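This report refers to the structure that appears directly beneath it.
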C-alpha cells in the first residue's frame, strides 16, 4: 500500500478526521481493512462516532452493526452511497471476506 494517498481514496476523509481528532487513533492504524474493534473502539466510542457522522454528514448508521461487522472500507462505501442518496434506509454493507 502506498500510504495516505491510497487511504484517502478508499476511506472517507471524515472517518479519518473523526478517528484521529476525536478518538486519537493513530493515522497509521486507519486502513481500509480496519474495524472499529481492531482500532480498540468500544461500544460507547462507536456510538459517539455514529452520532458525529450523522451530525456532520447527515448519514444515520446502526452503531452496533458498525462495531461488530464492518471494515472502514465498508463504512466508507455506506457513507458515500448515503451522501449520494443511494442508501436511504439501508444497513451498513458488511464485507464477507473477514
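Computed extension length for residue 54-residue 29: 6.7 nm, one decimal, from 0.36 nm per residue of separation with the Cα-Cα distance subtracted.
Under conditions of 25 °C and 0.890 mPa s, region 4-83 yields 200 µm² s⁻¹ as its translational diffusion coefficient, taking Rh as the Kirkwood radius over Cα pairs in the Stokes-Einstein equation.
Relative protection proxy for 49-61, 21-33, from highest mean packing down: 49-61, 21-33 (other beta-carbon atoms within 10 angstrom).
Bear in mind that the values in this text are calculations on the coordinates, not laboratory data. Quantities reported herein were computed from a predicted structural model and do not represent experimental measurements. Glycine gets a Cβ as well: all are built from the backbone with ideal geometry, and neighbour counts include every protein chain shown.
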